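One structure is given here, and the rest of the page talks about it.
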Amino acid sequence: FVVYDLVERQSFFMQEQLENKGKELSSLLALNAANSLLNNDLVALDELINGFETTKDIYMAFLLDENGKIKASTDKKYLNKQFSDVTSTTLLKNFQETLCDVSQVSHTIFIDTVHKIKIKNDVIGYARVILNTENLSHELSIITTKGLFYIFLAIFLGALFAWISIRKTTHNLNEIASITSSIAEQKFDVTFPKVEGDDEVAKVSRAFEVMTLSIKAHIAELMRREEKSSWEAN
């Protein structure tokens with residue numbers, strides 16, 4: 001439960017961080033692409049998009065005109081094409097009908113973010129950034145593995161400590177039981193184990209030791225009186 005809670009919290013935090021990263025990158029891309037897209041400067045757009053290609057977690061990035069035609073892409077095979085897949089067309093269509101500047105959806109292992117490119121409040125295109133969550137899954141897997149390792153290590157050390165403690169306790173109890181058997185057989189010349197501390201075993205051991213010393217003293221007194229009586233009788 002501890003590991004599960006840890007992973008869930010970390011997953012939520014990292015997912016939120018990745019979503020914010022998608023919004024920041026698409027916003028930055030949209031801001032820098034505005035003038036080049038307005039002037040249809042494909043070389044500048046290509047240079048701009050190439051700068052995002054090596055950014056961590058980015059799967060693909062696109063710059064589109066207002067009609068959805070791809071003007072620059074990290075994957076060159078998409079140039080001058082339009083998205084035809086259901087996810088892309090639905091995302092762009094719904095986004096065009098809203099007043100928001102940014103839209104974001106998650107599908108399969110991707111976080112898909114689209115940001116409007118504007119010049120004086122007029123939409124001239126879109127910046128789309130798709131982030132891959134595989135690194136997130138990998139990091140969560142590492143966290144889970146480490147969490148389980150530390151949990152099992154704690155359980156092992158706790159069990160080892162408990163075993164040592166119980167073994168020591170039972171050893172002392174066995175010694176006390178052996179001594180009480182000797183006392184029952186009227187063998188009072190016994191030595192109690194030195195049990196330190198203030199736990200129940202230590203208290204029982206000291207109580208038996210006091211009782212034994214008291215019995216030995218009483219027997220010694222009886223023997224002294226018996227010897228004295230014999231001496232007076234003679």
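The values are calculated or read from the model by the stated rules, or taken from the named source; none is laboratory data. As the structure is a prediction and not an experimental result, all values here were calculated from the model. Note that we place each Cβ from the backbone using ideal geometry, even for glycine, and neighbour counts take in every protein chain shown. SASA here: full protein model, heavy atoms, side chains in, ligands and nucleic acids out. Shrake-Rupley method; radii C 1.70, N 1.55, O 1.52, S 1.80 Å.
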Review point. Does VAL129 qualify as being open to solvent by less than 50 Å² (accessible area, probe 1.4 Å), at pLDDT 90 or above and among the β-branched types (Val, Ile, Thr)?
Key: yes
Review point. Identify, please: which residue in segment 6-20 is of a type outside the set (S, T, N, Q) and open to solvent by 50 Å² or more (accessible area, probe 1.4 Å) and is, among those, farthest from ILE143 (Cα to Cα)?
Key: GLU19
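Being farther than 19 Å from GLN17 by Cα, of a type in the set (Val, Ile, Thr), part of a strand (DSSP E or B) and open to solvent by 30 Å² or more (accessible area, probe 1.4 Å) is the filter here; which residues of segment 94-123 pass it?
Residues satisfying the conditions are ILE119, VAL123.
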Study note, to complete from the structure: Exception for ALA127 within (1) outside any loop (DSSP other than H, G, I, E, B); (2) more than 21 Å from ASN35 (Cα to Cα) falls at (2)
Check your understanding: Taking the condition open to solvent by 30 Å² or more (accessible area, probe 1.4 Å) and under 24 Å from the mean Cα position of the chain (by Cα), does THR144 pass?
Key -> yes
Revision key, fill the gap. Inside segment 75-93, the number of residues satisfying the requirement of being under 18 Å from ILE117 (Cα atoms) and exposed (fewer than 12 other Cβ atoms within 10 Å of the Cβ) is 2
Exercise for review: Looking only at segment 138-165, count how many residues are of a type in the set (D, E, K, R) and either without any contact (Cβ under 8 Å) to a residue 12 or more places away in the chain or in contact with a Gly (Cβ under 6 Å, 6 or more places away or on another chain) (or both).
Suggested key: 1
Exercise for review: Consider LYS168 carefully, then state whether it is open to solvent by 60 Å² or more (accessible area, probe 1.4 Å), at pLDDT below 80, out of contact with any Gly (no Cβ under 6 Å at 6 or more places or on another chain) and over 18 Å from VAL210 (Cβ atoms).
Suggested key: yes
Exercise for review: Those residues that are closer than 20 Å to LYS21 by Cβ and open to solvent by 30 Å² or more (accessible area, probe 1.4 Å), I need them from segment 35-74; list them, please.
Suggested key: LEU48, ASN50, GLY51, GLU53, THR54, THR55, LYS56, TYR59
Point to revise | Members of segment 149-165 found to be under 18 Å from GLU200 (Cβ atoms) and either surrounded by fewer than 10 Cβ atoms within 10 Å (Cβ to Cβ) or among the hydroxyl-bearing types (Ser, Thr, Tyr) (or both), listed by number | key: SER165
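Taking the criterion of being of a type in the set (Lys, Arg), touching a residue at least 24 places away in the same chain (Cβ under 8 Å) and not in a helix (DSSP H, G or I), would at least one residue in segment 177-197 satisfy it?
no
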Check your understanding: If PHE13 passes every condition in (1) in a helix (DSSP H, G or I); (2) of a type in the set (Phe, Trp, Tyr); (3) under 18 Å from ILE130 (Cβ atoms) but one, which one does it miss?
Key -> (3)
